Every structure is written in structure tokens, then in C-alpha cells.
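*Asks:* Attaching a single structure in C-alpha cells format; questions to follow.
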């Protein structure tokens with residue numbers, strides 16, 4: 001009986017995540033800011049529930065990473081620089097936690113450094129380039145260094161996901177890395193959407209940010225589930 005209930009909860013939580021995500025993306029496509037606020041707080045909550053019902057055993061660090069992402073979502077909902085910074089801090093913690101999710105699977109002796117080092121230069125270069133491209137429109141110049149640091153941490157999270165893929169070489173590791181890449185794209189896009197002088201630079205601004213973010217979080221979660 002307990003097993004049946006647990007299985008049902010697994011499917012219900014997955015269905016709830018998909019439903020909330022689709023509704024949120026539809027409102028993002030239509031640029032309906034008011035309705036987006038109703039679904040955004042439930043995106044990561046339903047994904048976390050799905051993970052907890054699906055994982056055997058549960059990785060507490062991954063749960064913490066998902067919940068700090070959820071907190072970041074909530075903190076980014078109000079307008080204003082202080083909320084943007086607060087949400088950014090929560091997401092920064094989330095990226096650090098994701099790094100600790102990947103580390104146990106990494107054997108550094110198996111890592112192809114001739115790939116990882118150039119990849120690091122690309123990630124870090126893009127992080128600095130994107131942040132510098134929006135610095136003139138920031139509410140405060142004091143935000144420049146923290147915003148660069150944030151993308152550098154995201155980049156490091158991606159590099160650890162890549163190192164995990166090099167070590168494990170499985171479909172789960174590849175899916176988790178794809179999710180990390182999408183998360184990086186989402187954060188870079190968010191910077192451009194919020195602060196770039198060309199407001200038409202990004203196609204369907206909120207949709208692009210949220211589509212890459214939601215899919216990224218889901219793929220990281222799915223990939224880690226496949227890794228056990």
C-alpha cells in the first residue's frame with residue numbers, strides 16, 4: 001500500500017511540475033507578468049517533490065540546491081536592485097551546492113584537461129564579456145564585481161558537470177551537463193534582458209530566460225537521478 005502511494009506521488013509531482021512549467025512558459029511567451037507570478041513559486045517546489053519521490057537514496061545536497069534555486073525565484077519576483085541581489089545570492093549558493101553534487105562522481109585523474117582548460121577560458125570569458133556589456137545600465141556600479149563573480153561560480157558549476165561527464169561517461173552525466181549549460185545560458189540571458197541597452201536583443205525575453213532555466217534545472221535533476 002505504501003509503495004503504491006509513493007509511486008502515485010511520484011507521477012503526481014512530475015505531472016504537477018510539467019503542468020506548472022507549461023502554464024508559466026505560456027504566460028512568459030505572452031509576456032503576462034501578472035499571471036507568471038502565480039506559477040513561478042511552484043516550479044522548483046514541484047521539481048523538488050518529484051526528485052524526492054524518485055530518488056533512492058535522496059541526495060540532501062541536491063535537495064538543498066533545488067530549494068535555494070526556489071528561494072532565488074521567489075526573491076527575484078519583486079522589482080528593485082535589492083531583490084535582484086538577494087535572489088542572486090540565493091542562486092549563487094545553489095550553484096555552489098550543485099558543485100558539491102557533482103564532486104563525489106569526479107575522479108580528477110580521468111579528466112581531459114586539454115578540453116577542460118580551454119572550456120574554462122570560454123566560460124569565464126563569456127561571463128566577463130556579458131557582465132561588462134551591461135555595466136552601464138546597472139542600478140549601481142558596485143554590482144559589477146558581484147555579478148561577474150556570480151557568473152564565474154555558474155561557470156565553475158558547469159566545469160564540474162563537465163568533469164563529472166568525463167569521469168562517468170554515462171547518459172545521466174551528459175544530461176546533467178546539458179542542464180548545467182542551459183542554466184548558464186539562462187543566467188547570461190537574464191543579465192542581457194535586465195540590463196542591456198538594446199531591449200530587443202533577446203527574442204521573447206522572459207520566455208527565453210525561463211525556458212532555458214526550467215529545462216536546465218529539470219535536466220540536472222534527471223541526470224543525477226539516472227546516476228543514482
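*Asks:* Using alpha carbons only, how many angstrom separate the centre of the stretch 51-100 from the centre of the stretch 168-195?
*Replies:* Their Cα centres are 15 Å away from one another.
*Asks:* At 7 Å along the Cα-to-beta-carbon direction for both residue 132 and residue 199, put a label point, then send me their distance in nm to one decimal.
*Replies:* In this crude label model, residue 132 to residue 199 measures out at 2.7 nm.
*Asks:* What does the convex hull of the alpha-carbon atoms of the stretch 174-219 project to on average, in nm²?
*Replies:* Averaged projected hull area, Cα only: 2.7 nm².
*Asks:* In addition: May I ask you to sort 56, 95 by Cβ crowding, counting other Cβ atoms within 10 Å and putting the fewest first?
*Replies:* 56, 95
*Asks:* When the expected Rg is taken as 2.2 N^0.38 Å, what fraction or multiple of it is the alpha-carbon Rg of the chain?
*Replies:* Dividing the Cα Rg of the chain by 2.2 N^0.38 Å gives 1.02.
*Asks:* Related question: For residue 79 and residue 38 in the same chain, what is the full-extension length gain: residue separation times 0.36 nm, less their Cα-Cα distance, in nm?
*Replies:* Taking 0.36 nm per residue and subtracting the Cα distance, the gain is 13.2 nm.
*Asks:* Right, another one. Run the simple label-point estimate for residue 122 and residue 15 please: 7 Å along Cα→C-beta, distance reported in nm.
*Replies:* So the two model labels end up 4.1 nm from each other.
*Asks:* What shape does the stretch 83-140 have by the C-alpha gyration tensor, where a ≥ b ≥ c are the square roots of the eigenvalues, rounded means a/c under 1.5, and otherwise prolate means a/b greater than b/c and oblate the rest?
*Replies:* Because a/c hits 1.5 or more and a/b fails to exceed b/c, the stretch 83-140 counts as oblate.
*Asks:* Distances over 11 Å make up what percent of all Cα-Cα pairs in the stretch 147-191?
*Replies:* Of the Cα pairs, 62 percent sit more than 11 Å apart.
*Asks:* Would you please classify the overall shape of the stretch 60-160 from the alpha carbon gyration tensor, given that a ≥ b ≥ c denote the square roots of the eigenvalues, rounded means a/c under 1.5, and beyond that prolate means a/b larger than b/c while oblate covers the rest?
*Replies:* oblate
Laboratory data are not the source of any read-out in this text; all were calculated from the coordinates shown. As the structure is a prediction and not an experimental result, all values here were calculated from the model. All Cβ positions, even for glycine, are placed from backbone atoms using ideal geometry, and neighbour counts span all protein chains on display.
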